[in-house]
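The values are calculated or read from the model by the stated rules, or taken from the named source; none is laboratory data. What you are looking at is a predicted structure, and each value in this text was computed from that prediction instead of being measured. Cβ: placed from backbone, ideal geometry, glycine included. Neighbour counts: every protein chain shown. For the accessible areas, the whole protein counts, side chains as well, though only heavy atoms, and no ligand, DNA or RNA atoms are used. Shrake-Rupley method; radii C 1.70, N 1.55, O 1.52, S 1.80 Å.
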Amino acid sequence: MIFLAGLLTGMVFGFFLKRSRFCMTGLIRDIYFLKKPYHFLIIASIIATEGLLYYAMGHAGLILIPSYLPPFSLLAVALGSLLFGIGAVLANGCLTSTLIKCGDGRVIGFLILVVFMIVGYFMSAGPGRHLTRLVRTVTVVSDDLPVRRQPVMVMICAAAAIICWVAMAWHHKKHKPKFAIPSKYHGVRHILCEKIWPIEVGAVCIGAWLGLTYLISEQFGRHNSFTIATPILSWLYTPLHPYEVIGGCNPADQTLGFASMLVLGIVAGVFVTSLVSREFAVVKPAKGTILKAVIGAVLMGIGAIWGTGCLVSNGLVGTAQGSVKSWFALLFLALGIWLATRIFLMRED
Amino acid sequence: MENIKVDAKGMDCPFPLVKFKKAIDAAEPGQMVEIEFTCPDTTVSIPGFCQDRGIEIVEFERGDGMWTIVARK
């Protein structure tokens, strides 16, 4: 049951990601690359929507709001997140985008995933863990904001979510896309199988689903929403039984379980969505893109372990939980993305 | 004027857009730029870019696992 629930929860998330063409790296990258500050609002709306559900369910007694978040190393999180951001640009998307690529048939996705798993395992459970441990002991600070557990957070998130929704509705009305993918179907089938949902709709659905995932997880004794890096690595940790594991986003996700199925579900959800929308195609990577993608995967492998999370677990989930570590990580993830955009994309542009 | 053809098959976002942008910048006014791509995200990014820059999309076709956009500068 736990495996099926995880798989289905991941599949729904994959469906939302695919239908809205959601890419967290792209959103942050294009704030700078295409000068689109509006994307700040999209990201804020996801965090606020998810935060509203998280705190409302927490204070209603439906889920557990942890009384304690572990301390973190400023150096490890800053350096790791910076590397992860650079890697995400080189790989043309973060770990979640990599799962999307695997699901819709892009071969490069599998290559990035394999390289990430090898490097992530090396840095967390292999010989590289000694360096990871060393980096994580420098400049350790507390991750405990007392306000995080106060009912006022429901009001703060509600106000933020309403402001974001109204602003997005106003912006969407003013900037309606004029072109759409040529369609074949009509009605509900068109909306569910073919139509590219406006990013605003995608953002609210993703935020709401990240929030509801706390409730689903809670039924199986897990107190979190989507995490990506550690659950991917759990597929190696479980059969290989390493002596110890250092780093990563959520220690509870190291064993094969609900979260492992969440990430598998994303691939499965994207696969099904791509099939029904007739978008599934095995696509070989273009020449010249492979080396960059491999370097990107290596940087994401180191970055996710040192930064204790990725663009989803820190950037969207931890931030909604009021984790100082995650907000700090999001800052450096964005700096890494913008730095790599400046060096690798704008030069080429 | 001949169409400028851009082959972005096998490339992931944002490279099809980068190549398209380069071709548009190099095109004469009124000249067509035709791009073929396989990255699903580009079905949103190129139309969005064209809308922002006031570039007319004259054709948007869907093939077997790929898309073609023809735009007039």
- Message: Can you report the number of residues in segment A:249-299 which are more than 18 Å from A:Arg19 (Cα to Cα), modelled with pLDDT under 90 and open to solvent by less than 10 Å² (accessible area, probe 1.4 Å)?
- Response: 1
- Look through segment A:285-336, keep the residues that are in a loop (DSSP other than H, G, I, E, B) and of a type in the set (Val, Ile, Thr), and return whichever of them is nearest to the chain's Cα centre (by Cα). A:Val312
- Query: For segment A:17-44, how many residues meet the condition of being in a helix (DSSP H, G or I) and either crowded, with 24+ Cβ neighbours inside 10 Å or aliphatic (A, V, I, L, M) (or both)?
  - Reply: 13
- Item | Any chance A:Tyr121 is more than 15 Å from A:Gly247 (Cβ to Cβ), touching a residue at least 24 places away in the same chain (Cβ under 8 Å) and open to solvent by 40 Å² or more (accessible area, probe 1.4 Å) | no
- Just checking, how many residues over segment B:29-57 are more than 7 Å from every other protein chain (Cβ to nearest Cβ) and in contact (Cβ under 8 Å) with a residue 12 or more places away in the chain? 18
- Message: Residue under question is A:Gly288, and the condition is that it be more than 14 Å from every other protein chain (Cβ to nearest Cβ) and of a type outside the set (Lys, Arg); does it hold?
- Response: no
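Here is a yes/no grid of residues against (1) under 19 Å from the mean Cα position of the chain (by Cα); (2) within 26 Å of A:Ile302 (Cα to Cα):
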{"residue": "A:Pro70", "(1), (2)": "no, yes"}
{"residue": "A:Leu113", "(1), (2)": "yes, yes"}
{"residue": "A:Ala125", "(1), (2)": "no, yes"}
{"residue": "A:Arg149", "(1), (2)": "no, no"}
{"residue": "A:Ile156", "(1), (2)": "no, no"}
- Task: Could you tell me whether segment A:219-227 includes any residue that is part of a helix (DSSP H, G or I) and either open to solvent by 30 Å² or more (accessible area, probe 1.4 Å) or not hydrophobic (A, V, I, L, M, F, W, C) (or both)?
- Result: no
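Here is a yes/no grid of residues against (1) more than 14 Å from chain B (Cβ to nearest Cβ); (2) touching a Ser or Thr at 6+ places or on another chain (Cβ under 9 Å); (3) of a type in the set (A, V, I, L, M, F, W, C); (4) not in a strand (DSSP E or B):
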site	(1), (2), (3), (4)
A:Ile112	no, yes, yes, yes
A:Arg148	yes, yes, no, yes
A:Ile162	yes, no, yes, yes
A:Ala169	yes, no, yes, yes
A:Lys184	no, no, no, yes
A:Val204	yes, yes, yes, yes
- Please specify each residue of segment A:64-95 satisfying the condition of being away from every other protein chain (no Cβ under 14 Å), assigned to a loop (DSSP other than H, G, I, E, B) and modelled with pLDDT of 95 or more. none
- Item | Options A:Gly85, A:Gly80, A:Gly51; residue that is closer than 15 Å to A:Ala208 by Cα and open to solvent by less than 30 Å² (accessible area, probe 1.4 Å) | A:Gly51
- Task: Select from segment B:24-37 the residues that are open to solvent by less than 10 Å² (accessible area, probe 1.4 Å) and in a helix (DSSP H, G or I) and list them in ascending order.
- Result: B:Ile24
- Task: Please indicate, with yes or no, whether at least one residue in segment A:233-241 is modelled with pLDDT of 90 or more and within 13 Å of the chain's Cα centre (by Cα).
- Result: no
- Message: I need the full set of residues from segment B:14-23 which are open to solvent by less than 10 Å² (accessible area, probe 1.4 Å) and either part of a loop (DSSP other than H, G, I, E, B) or charged (D, E, K, R) (or both), in order please.
- Response: B:Pro14
- Sort out which residues of segment B:38-66 are crowded, with 17+ Cβ neighbours inside 10 Å, over 23 Å from A:Glu200 (Cβ atoms) and under 11 Å from the mean Cα position of the chain (by Cα), and write them in order of number. B:Ile55
- Restricting attention to segment A:288-321, report how many residues are touching a residue at least 24 places away in the same chain (Cβ under 8 Å) and either of a type in the set (Val, Ile, Thr) or under 14 Å from A:Phe116 (Cα atoms) (or both). 23
